[in-house]
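Asks: Have a look at this one before I ask anything.
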Amino acid sequence: MGSFQDLGISDALAEVLSSQGINEPFEVQVESIPPSMEGKDVSCRAPTGSGKTLAFGLPMLEKVSFAEPNRPRALILTPTRELAEQIYGVLKPLARVIDRTVGTIYGGVSYKNQYRALERGLDIVVACPGRLLDLMERGAVVLKDVEVVIIDEADRMADMGFMEPVCDILDRCLPDRQTVLFSATLDDEVGDLIKRYQREPVRLEVGAEEVSITDMEHHFWLMPHAKKSPISAELIRNCGRTIIFCRTRLGVERVNDELLDDGLGVRGLHGGLSQRQRDRAMQAFKHGECMALVATDVAARGLDVEGVNCVIHYDPPENGKAYKHRSGRTARGGASGVVVSLVQRPQKKMYHRLQKNVGVNVDFTPPDFGSLPTFEVEYIPPEPRSRGRRDGGRRDGGRRDGGRRDGGGGGYGRRDGGRRDGGGGGYGRRDGGRRDGGRRDGGGGNYGRRDGGRPDYNRNERNQRDGGYRRGDDRGNDGGSQNDRRDNSGEREGGNRRNDNQRGNDRNDNRGGRQGGRDGGGGGYNQRGNDRRENRGGRDGGRRGEPREDSGYHGRSAPSRENNSRSEDSGEKKEHTGKRAPPPRPRSGPRPSRANFSRRRGSPPRSFKRKK
């Protein structure tokens, strides 16, 4: 086929290729480099792995000129980040020799580094459409100076819905630019793109029209779903470097964890990972640091990884086209390969249609490892994982002790659901699990309430210590029993106190006005047995020792002594100044029980029906 110099490539670039072991051009390079060097538009159909990157990269490097800041001179559009990084890795050493700069633009990474690279000036930009449009809207990149546009994997962009962004990008480039397009197919939306944006393109077709799947062995093994993971692990041990394709991101993570537990070094790759994680997974697989790569269809197109011996369809592919591109990851460059589809019985009809679509006629059989070819396999154990990190990044969720470093209960994942002392779950409340079995004071769990059980000490000692149980702003003494209650009420002008103790069924109306006293009566309406007690405390502002004018009583409205008293001269009845009158009775019928007069806050008022 000659040499690269015969195609018009400079000696400097040819020396770099020779140092990499590339001395002769491939078929697609021989066909596409000459028209590209002449500045013509090219539309080429070529399969993945045929050498397309050098086919469009070498002529572009020979022609590209120096760029101004934020105004690149050449643009390469790719559908995925991995393909963009792969193209960048091929072009970077070539561009360094001729003093040109290459940069990447794609999502999933920080904007800062991309801003700085564009401000320094990038001659060639390898970009994904989404992030490139974002930077264009922010004013960080201008495409009016772009002379050459390369569209790689155009059919994949059409499948991913990138045709409209690609057209928007092409409309902003120079009208008389050179447009080069590479694709596995040149029909449907790709054909419309060619008609709209290319001028008299040179049409090239290299290799078979469809992805060739005849160079590898195909196996369709019937099994239940529970056997897929152990059989996949055994396939990896027999075949070596393997790519396992799953349909969803969660499926990738689940299969990856199961294979790690089986003692195999594997890496996961899907669109939900950050770009750094995806790069690390791809680099580890390319450099032989792991035995298998578990991936979604994001790794099925445009990635050239050498030495893949086996491809496993863990989940069925979407269609025949996806099956071909998945299977094309193995048996590359004339090597042998194995493609194994793990089929459940309900999926058998779907795989029958798939075989007819791709032109494969293989029987469905039970797993048979003896029918596989022999490969040289190097066992690679999984990397040591930090303790508690197998749960997808949670610090304590994946601990051996059930979520807490101390062995505490689960607690529904809350921070204190399991205490360091081994307490119960407590529904995730702060005190649901205490070191003493659920409560600070030894009491029951009480559904995790902080004060479900109070310290147990004698009531009389408490009264002697602080003058009674303090609740809120009020303090009072209650030292009697059920049949003997003592109510203290006092009018203290300088510290005098009047005690009035009654027993039985007496009702006490206590009013305490404190002008300088220390303690005031609590405001409330308490009914115990046959004894009702009303306390009125004169403390305004809620502070101790400060008098207040109004009563703390919030029950039925009580008339004031001074304002509502009536004179005897007018013949009007004088307001009762002693005990408070009982609540009014119903107009007719027997008097209901006292319990009916007291109701809880928020409950509807009781109604009394007349008895017949």
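Asks: In a solvent-free Debye calculation with one equal scatterer on each Cα, what is log10 I(q)/I(0) for the range 14-97 at q = 0.11, 0.14, 0.25 Å⁻¹, listed in the order of the q values?
Replies: Calculated log10 I(q)/I(0) at the listed q: -0.31, -0.52, -1.60.
Asks: Of Val125, Val202, Ala184, which is farthest on the positive side of the dipole of the range 82-206, counting Cα position, with +1 on Lys and Arg Cβ, -1 on Asp and Glu Cβ, and the Cα centre as origin?
Replies: The listed residue farthest towards the positive side: Val125.
Asks: I would also like to ask the following. Where Lys and Arg each count +1 and Asp and Glu each count -1, what net charge lies around Pro224 among other residues with Cβ under 14 Å from its Cβ?
Replies: Every neighbour counted, the sum reads +4.
Asks: How big is the dipole moment of the range 1-121 about its Cα centre under a simple scheme where the beta carbon of each Lys and Arg is +1, that of each Asp and Glu is -1, and everything else is neutral? Debye, nearest 20, please.
Replies: 660
Asks: How far is it, in nm, from the label point at Asp192 to the one at Asn113 when both lie 7 Å from their Cα along the line to the Cβ?
Replies: The modelled label-to-label distance comes out at 3.7 nm.
Asks: If one puts a single equal scatterer on every Cα of the range 240-325 and applies the Debye formula without solvent, what log₁₀ I(q)/I(0) results at q = 0.17 Å⁻¹?
Replies: With one equal scatterer per Cα and no solvent, log10 I(q)/I(0) is -0.64.
Asks: Using a cut-off of 15 Å between beta-carbons, work out the net charge of the residues near Asp279 (Lys and Arg +1, Asp and Glu -1, Asp279 not included).
Replies: +4
Asks: What does the charge count around Cys167 come to, taking other residues whose C-beta lies under 11 Å from its C-beta (Lys +1, Arg +1, Asp -1, Glu -1)?
Replies: Numbers: positive: Arg172, Arg196; negative: Glu164, Asp168, Asp171, Glu189, Asp192.
Net of charged neighbours comes to -3.
Asks: State log₁₀ I(q)/I(0) for the range 84-210 at q = 0.11, 0.14, 0.23 Å⁻¹ as given by the Debye formula over alpha-carbon point scatterers of equal weight, solvent excluded.
Replies: Log-scaled intensity ratios, in q order: -0.41, -0.68, -1.57.
Asks: Provide the packing ranking of 370-379, 113-122, 306-315, i.e. peptides ordered by the mean count of other C-beta atoms within 10 Å per residue, highest first.
Replies: Values: 370-379: 10.7, 113-122: 16.1, 306-315: 21.1.
Per-residue mean Cβ counts within 10 Å order the peptides as 306-315, 113-122, 370-379.
Asks: Ordered by packing density, taken as the mean number of other Cβ atoms within 10 Å over each peptide's residues, highest first, how do 29-39, 222-232 rank?
Replies: Highest to lowest by the protection proxy: 29-39, 222-232.
Asks: Also, I was wondering about something else. If you take the charge dipole of the range 5-205 about its Cα centre, with +1 on Lys and Arg Cβ and -1 on Asp and Glu Cβ, which of Leu135, Ser18, Ile98 is farthest toward its positive end?
Replies: Leu135
Asks: Can you give me the C-alpha center-to-center distance between the range 113-190 and the range 74-97, rounded to a whole angstrom?
Replies: Centre-to-centre distance over Cα atoms comes out at 13 Å.
Asks: Under 25 °C and 0.890 mPa s, how fast does the range 217-371 diffuse according to Stokes-Einstein, given a Kirkwood radius computed over C-alpha pairs? Answer in µm²/s, whole number.
Replies: Approximately 158 µm²/s, per Stokes-Einstein.
No value in this document is a laboratory result; all are computed from the given coordinates. Remember, it's a predicted structure, so these values are computed and weren't measured experimentally. Heads up, the Cβs are rebuilt from the backbone with ideal geometry, glycines too, and the neighbour counts pull from every protein chain shown.
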